[in-house]
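What follows is a set of notes on a single structure, which appears directly below.
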Amino acid sequence: MSPGGADDAGAEAPDIRPAFSSLLEDSAEDLYESAPCGYLSTLMDGTIAKINATLLGWLGLSREDVVGRKRFSDLLTVGGRLYHETHFAPLLRMQGHLGGVALEMRTAAGPRLPVLVTSTLKRGADGEPLLIRTTVFDATDRRAYEQELLRARRAADEAREQAEADRVQLREALAVLQRSLLPDTLPDLPGVETAGYYHTASPMELGGDFYDLFPLDDTRTAFFLGDVCGKGPQAAALTSITRYTLRAAMIQDADPVDDLRILNRALLERYTGDDPRYCTAVAGVFERVGDTLRVRLASGGHPPALVLRADGTAEYLSTRGGMLVGVLPTAQFVGVSTVLRPGDTLLLYTDGLTEARVGRDRQLYGYDALLSFAAARAPAGSRALVDAVTGLLRYFGDGLDDDTALLAIGVPAAS
């Protein structure tokens, strides 16, 4: 029948009485001697009065060698004996019980035996200590486990240290590569004050912003600033192509609109198919005429240039309608001209500045705020203006999550 049926109810249960009988036949002495742990009892001076066979077997000693001849501390290593005398024994006398103390015992064969020791004072009717009962557990497996944990921890620490060293090396390599995509210094031009700055959003990523400024002849100077799509090595390669293409084009032809068209064709020829690459850029040329700079510039999808005037006003140079560079064969680029007089400064920047997040609502900083910021500081020389905007970038904190390039060109105010 099924389990629980009448047939099962009538079945005889197995007789377990013999097993109980065999257990009852074990004397207390047998249980003491063959216990899975070591036992010993010592007098208050540490002399061993009793020790079980288990512990003797672990240590490779005979009962005659130990009982009445050795103290508990004699079974310990030098370090264990020192700890026992200076810490273990005094604490045991004060507290009456110590449990789970890690020590090492000497064996007759030589190897050390890691153990966990628990000791308890037995007191007489008058409260005076009579003897010490100690239990010893073999901690070999635990020690091996702890050593394995230590090895794993050391390996993890070494891996972290190596990873940090690799990160430092990578940051240094990226910093060198990033600097190679920017001019080391801007040229010293008579009657002109220039300043540049590059903010790197992440030291572990190559940015795609760029700028340059270089003389064409004794009176004319070319400049450009832009932002390529993406980050990392591919962005760096695109930045390199863009910089050198623009520089070569502007040396041959000082028309900023034509220069952006040349760059547009170069990017379309280089990046085709499923991997289009593009950038925004503003390119320009300024010519010294007396104490003024006549500026012509063109924009391809780039934020408008900002001019701070000597009379304390600020304005954008509208290049609305300029298209991204490298997207369409028939892309349109918009040119604009202005004159910088003593005390005027032109500021070029990338969109990391205007797209920074500010306030509790993480709103875009935007063009209106930038115009107000500039107007509050006009007039300002190139160096002072770049320093002020750099301070603004620091103020954004983690709200600034994109690289930002700045290039300022101005005419020093008359003394």
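Can you say whether P276 is in contact with a Gly (Cβ under 9 Å, 6 or more places away or on another chain) and either surrounded by fewer than 19 Cβ atoms within 10 Å (Cβ to Cβ) or over 14 Å from F224 (Cβ atoms) (or both), as far as the supplied structure shows? Against the criterion (in contact with a Gly (Cβ under 9 Å, 6 or more places away or on another chain) and either surrounded by fewer than 19 Cβ atoms within 10 Å (Cβ to Cβ) or over 14 Å from F224 (Cβ atoms) (or both)), P276 qualifies.
If we scan the range 110-118, do we find a residue that is of a type in the set (G, A, S) and in contact with a strand residue (DSSP E or B) (Cβ under 9 Å, 6 or more places away or on another chain)? Looking through the range 110-118, none of the residues is of a type in the set (G, A, S) and in contact with a strand residue (DSSP E or B) (Cβ under 9 Å, 6 or more places away or on another chain).
Could you go through the range 375-385 and let me know if any residue there is open to solvent by 70 Å² or more (accessible area, probe 1.4 Å), in contact (Cβ under 8 Å) with a residue 40 or more places away in the chain and within 20 Å of F214 (Cα to Cα). Yes, the range 375-385 has at least one match.
Just to be sure, is F373 under 26 Å from G232 (Cα atoms) and part of a helix (DSSP H, G or I)?
Numbers: under 26 Å from G232 (Cα atoms): no; part of a helix (DSSP H, G or I): yes.
No; evaluated as a whole, the condition is false for this residue.
Please work out which residue is farthest from P183 (Cα to Cα), limiting yourself to the range 218-251 and to residues that are in a strand (DSSP E or B) and of a type in the set (A, V, I, L, M, F, W, C). Write out each step before concluding.
Step one: list which residues in the range 218-251 are in a strand (DSSP E or B), which gives 220-228.
Restricting the remaining residues to those that are of a type in the set (A, V, I, L, M, F, W, C) gives 222-225, 228.
On the way: A222: 13, F223: 11, F224: 12, L225: 12, V228: 17 Å.
Checked the range 218-251; the qualifying residue farthest from P183 (Cα to Cα) is V228.
Per the conditions (1) in a loop (DSSP other than H, G, I, E, B); (2) open to solvent by 50 Å² or more (accessible area, probe 1.4 Å); (3) closer than 22 Å to D217 by Cα, the sole criterion not satisfied by T330 is (3). Looking only at the range 388-415, residues that are touching a residue at least 40 places away in the same chain (Cβ under 8 Å), open to solvent by 20 Å² or more (accessible area, probe 1.4 Å) and under 36 Å from the mean Cα position of the chain (by Cα) come to 2 in all. Taking the listed residues A152, A89, the one that is assigned by TED's automatic domain parsing to the domain that holds R63 and in a helix (DSSP H, G or I) is A89, with no other qualifying.
Only one entry in E29, E25, E85 is of a type outside the set (F, W, Y), open to solvent by 50 Å² or more (accessible area, probe 1.4 Å) and at pLDDT 90 or above, namely E85.
The values are calculated or read from the model by the stated rules, or taken from the named source; none is laboratory data. As the structure is a prediction and not an experimental result, all values here were calculated from the model. Reconstructed Cβ throughout: ideal geometry from the backbone, glycine too, with neighbour counts over all protein chains shown. Note: accessible area is taken over every heavy atom of the protein model, side chains too, but ligands, DNA and RNA are not part of it. Shrake-Rupley method; radii C 1.70, N 1.55, O 1.52, S 1.80 Å.
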